[in-house]
Amino acid sequence: MEKGIVIKTTGSWYHVRTANNEIIDCKIRGKFRTKGIKTTSPLAVGDNVEFTLDKQTNQGVISKRHNRKNYIIRKSINLSKQAHVLAANVDQALLMVTLAYPKTYPEFIDRFLVSAEAYRIPAIIVFNKIDLYTPKVLNELAELKLMYEQIGYKCIEISATKNIGISTVNEILSNKITVMAGHSGIGKSTLVNVIQPGLNLKTTEISEHHESGKHTTTFPEMHCLDNGGYIIDTPGVKGFGIIDIKDEEIGHYFPEMFALLPECQYNNCIHNHEPKCAVKTAVEQGQVSKSRYKSYLSIINNKEDEKFRTVDY
Ligand SMILES: Nc1nc2c(ncn2[C@@H]2O[C@H](COP(=O)(O)OP(=O)(O)OP(=O)(O)O)[C@@H](O)[C@H]2O)c(=O)[nH]1
Ligand SMILES: [Mg+2]
Ligand SMILES: [Zn+2]
């Protein structure tokens, strides 16, 4: 048996990197389960696998997936019962957002953060395209950044095309496995190209009319960086449907609300209609942001509607 790590999934083929840096095209045999959840693909980028190599064709057959240390998962496309694992076994997640061209809304950010918190994956918010922001948008950026920093999330402002903030990103990525996610057209692949020139990843201008991306990156892929890190570039997603977390647990993944739970009257308070709820009081008094609380309510109230909120292409 050979060992390796999945660096790209393209449907039926899995590209696996071995310890001596060979890339082997593999198929799979057998079933791989993710905690009883149906997933769109049995393996994700970042999975550690074992395979048998056919020396003649230099292709492999994967028969074993090692347990995952963590993963970023979301509800998939229109198949509401299926889940999509964006990446597995990562050290950190980099959520890229843009406040213009196209606009990323806080609810999307919060949904992603909940998914990352659920597996204790440190998440960093990268605001890209700051070269395009008007003074009004720059104000909005300052407010959002302050809000997320107060909760404890690291925030970075960058412009991938104007080379602003790139050295900070480079440092953060060194010697770590990082998954990068966000909407389509926000500059994920552009940033990877700047960090690691020579990869020549495909990028496309966002469409003028819809201010949305064109889903240029179609398969997640892990790239090796000279700084000793690995970055997983993923296809843009429209929404981030929460899966596999119970209602009463959602609040655990909003750190500023979780910290208040001991002060709520009920120890299983879901901070909605309960009396003497410390979170609701904190929202009224401005210690917990309205926008975070709104995201929280939307997650616990709209689970059923989720497939409409997270429609993908
Ligand atoms: N002005 C400006 N444009 C940028 C910046 N970063 C990326 N872009 C442009 O945004 C467009 C989309 O970039 P991509 O890198 O293809 O976006 P992506 O996030 O990889 O998109 P998907 O692969 O579809 O998920 C390209 O035309 C880039 O040149 C930036 O910092 N400033
Ligand atoms: Mg891309
Ligand atoms: Zn409460």
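The values are calculated or read from the model by the stated rules, or taken from the named source; none is laboratory data. The shown structure was predicted, so the numbers you read here are calculated from the model rather than taken from an experiment. Backbone-built Cβ (ideal geometry, glycine too); neighbour counts: all protein chains shown. Please note that ligands, DNA and RNA were not included when accessible areas were found on the heavy atoms of the full protein model with its side chains. Shrake-Rupley method; radii C 1.70, N 1.55, O 1.52, S 1.80 Å.
Scanning the stretch 238-254 for residues that are open to solvent by 10 Å² or more (accessible area, probe 1.4 Å) and more than 16 Å from ligand 3 (Cβ to nearest atom), we see that the one that is farthest from H271 (Cα to Cα) is K238. The set of residues in the stretch 125-144 being open to solvent by 10 Å² or more (accessible area, probe 1.4 Å) and either of a type in the set (S, T, Y) or within 27 Å of I73 (Cβ to Cβ) (or both) consists of Y133, T134, L144. Among the residues making up the stretch 1-43, those that are surrounded by 13 or more Cβ atoms within 10 Å (Cβ to Cβ), in contact with a Ser or Thr (Cβ under 9 Å, 6 or more places away or on another chain), under 19 Å from I73 (Cβ atoms) and at pLDDT below 90 are F32, T39, T40, S41, P42. Each residue in the stretch 1-43 was checked for being in a strand (DSSP E or B) and within 25 Å of G229 (Cβ to Cβ), and 17 of them qualify.
Give the stretch 145-159 a look and list any residue that's exposed (fewer than 15 other Cβ atoms within 10 Å of the Cβ) and assigned to a helix (DSSP H, G or I), or say none. Answer for the stretch 145-159, where residues must be exposed (fewer than 15 other Cβ atoms within 10 Å of the Cβ) and assigned to a helix (DSSP H, G or I): L146, E149, Q150.
Among the candidates E205, E221, the residue that is touching a Lys or Arg at 6+ places or on another chain (Cβ under 6 Å) and within 16 Å of ligand 2 (Cβ to nearest atom) is uniquely E221. Look at the stretch 232-250: where a residue is at pLDDT 95 or above and a partner is within 16 Å of ligand 3 (Cβ to nearest atom), sitting 6+ places away or on another chain with Cβ atoms under 8 Å, you get I250/I270; I250/Y296; I250/I299; I250/I300.
Any residue at all in the stretch 44-63 that is part of a loop (DSSP other than H, G, I, E, B), open to solvent by 60 Å² or more (accessible area, probe 1.4 Å) and touching a residue at least 40 places away in the same chain (Cβ under 8 Å)? No, there is no match, as no residue in the stretch 44-63 is part of a loop (DSSP other than H, G, I, E, B), open to solvent by 60 Å² or more (accessible area, probe 1.4 Å) and touching a residue at least 40 places away in the same chain (Cβ under 8 Å).
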